[in-house]
1. What does DSSP give for the chain in terms of the percent of beta bridges that are antiparallel, rounded to the nearest 5?
2. Normalising by the residue count of the range 3-264, find the relative contact order in percent from Cα pairs under 8 Å and 6+ residues apart.
3. When ranked by the protection proxy of mean other Cβ atoms within 10 Å per residue, highest first, what sequence do the peptides 89-99, 357-367, 246-256 form?
4. How much FRET efficiency would the formula 1/(1 + (r/R0)^6) give for L328 and A26, where r is the Cβ-Cβ distance and R0 is 56 Å, rounded to 0.05?
5. Using 1/(1 + (r/R0)^6) with R0 = 35 angstrom and r between the beta carbons of R413 and R389, what's the FRET efficiency to the nearest 0.05?
6. I'd like the antiparallel share, as a percent to the nearest 5, of DSSP beta bridges with both residues in the range 266-418.
7. In nanometres, what is the gap between the two model label sites at D255 and M239, each 7 Å from Cα along Cα-to-Cβ?
8. Provide the gained length on full extension for the span E105 to M335, in nm with one decimal, where the gain is 0.36 nm per separating residue minus the Cα-Cα distance.
Amino acid sequence: MSTDVQHELIDFIAGFTHNPLGFVLAAFEWGQGELVGFDGPDEWQRDALIEIGKRLQAGMSADEAIQLAIASGHGIGKSALVSWLILWAIATHEDTKGVVTANTENQLKTKTWAELAKWHRICLVRHWFELTATALFSKDPAHEKTWRIDMVAWSERNTEAFAGLHNKGKRILLVFDEASAIPDLIWEVSEGALTDANTEIIWCCFGNPTLNTGRFRECFGRFRHRWITRQIDSRTVAMTNKAQLQKWVDDYGEDSDFVRVRVRGVFPSSSANALIGPEDVERAMSRHYDVTQYEFAAKILGVDVARQGDDSSVIYPRQGRVAFKPRLLRIPDTMLVAQQVALSMDKWKPDAVFVDSTGGYGVGVVDALRQINKTPIEVYFSGKPLDGRYFNKRSEMWFEMAKWIKDGGALPRDRELAEELIAATYTFQGDKFRLCDKDDIKDLIGRSPDKADALALTFAYPVSPSLAHIHPSLGQMAAAVTEYDPLQSA
């Protein structure tokens with residue numbers, strides 16, 4: 001490209017500094033190549049781009065950030081909008097800085113950043129910027145460090161990327177994808193960082209409205225005056241599969257939480273068939289007990305073994321009224337999972353270890369543990385419950401866990417666990433309580449409820465504590481207790 005043409009392109013793109021919709025229409029060859037059949041953004045995407053442009057043109061960002069929150073149903077094209085905003089922000093303002101994060105690192109890599117790679121590849125100004133696995137930045141060596149947008153997986157123990165997001169006199173872009181599951185701490189740190197005067201600050205949050213609590217929900221509630229908010233029904237979007245959406249409505253009902261979240265873009269209700277309410281979870285996560293208040297109780301490990309590549313195996317420790325922080329294992333090899341379970345058993349010395357063996361996934365873990373003289377107990381989610389009021393073992397365990405949470409149980413502060421617990425509903429199968437299927441929760445929140453299932457496993461059967469846990473002097477007597485009876489009363 002000649003120097004004159006390059007200068008013309010720079011001037012052309014600069015004309016869209018405060019016009020993100022104009023940039024999107026100009027920067028891609030709509031109707032051609034990969035965009036055959038598409039003439040531009042959908043109506044809801046145009047609305048969002050126009051709204052940001054209006055606020056910029058009005059000079060709103062000179063005093064406060066432009067804050068956009070969009071809750072939506074499934075499959076509306078939000079990742080495309082995220083990509084356009086990133087490319088517009090970095091292409092139309094020199095030395096733009098930004099951070100993009102999501103609910104999980106997997107979401108960032110396989111959805112958000114993968115979509116950005118597609119749009120960068122067909123963008124008119126793709127040659128200006130280098131796209132790597134974790135960043136989009138200027139190819140000009142003099143601006144490589146100052147003109148960039150980074151993909152950052154959030155961590156409550158490492159908030160520097162969000163706390164240090166300053167760019168006085170320039171432009172800042174902050175994007176939260178699947179924002180409902182991003183912890184409040186990250187929101188608070190980000191909010192405190194976005195305070196530079198005379199700076200264009202654009203903060204955009206997107207996601208399915210899966211939680212009735214948290215900062216994403218509050219964008220549409222008590223903080224609504226600060227945010228441009230939209231709730232998008234998937235049925236109003238041109239690109240969605242209307243037949244599938246109608247199937248969900250027919251199967252679950254227009255007012256069900258499944259349809260509210262996955263179709264209508266509406267936050268779930270506190271419905272009568274919700275097993276555990278958000279208030280119950282919040283109270284449990286706010287409780288704290290002194291060790292002397294539960295040291296007499298049995299120590300139990302629940303082990304949920306991953307079924308698919310995007311699931312995690314989870315080791316969940318609980319003693320009496322206290323559930324501790326779980327261990328997450330992204331290990332596909334059951335032998336390696338068994339090794340980690342064995343290490344946890346050696347360290348914590350539980351009275352019982354319950355392993356989910358449904359579908360055979362956990363059987364290998366159980367067998368490997370038994371080969372090294374450990375005594376795990378197999379639990380089948382579809383198995384027969386002890387209490388005939390429940391449809392299956394999984395329903396019984398979750399109902400027992402729900403009672404424990406409501407009756408004083410203490411949970412670690414964990415947004416993913418909260419989301420999984422709140423998502424569970426139940427119905428009646430004849431005269432029996434039946435918990436919703438694992439896949440129903442996965443469809444609702446976008447991942448398997450591995451943490452909640454692992455915690456539920458600690459309620460599989462009553463467990464008597466080792467005498468050594470009650471008082472060290474009784475250790476020799478405890479050694480005589482060599483076999484666990486799952487039907488023994490607590």
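No value in this document is a laboratory result; all are computed from the given coordinates. Since we're looking at a predicted model, the values are computed, not measured. Positions of Cβ are generated from backbone atoms using ideal geometry, with glycine treated the same way; all protein chains shown enter the neighbour counts.
1. 40
2. Here the relative contact order equals 25 percent.
3. My ranking of the peptides, most packed first, is 89-99, 357-367, 246-256.
4. Working from the Cβ atoms, E equals 0.80.
5. 0.65
6. In the range 266-418, approximately 60 percent of DSSP beta bridges are antiparallel ones.
7. Going from the D255 label point to the M239 one covers 3.3 nm.
8. Full-extension gain reported as 80.3 nm.
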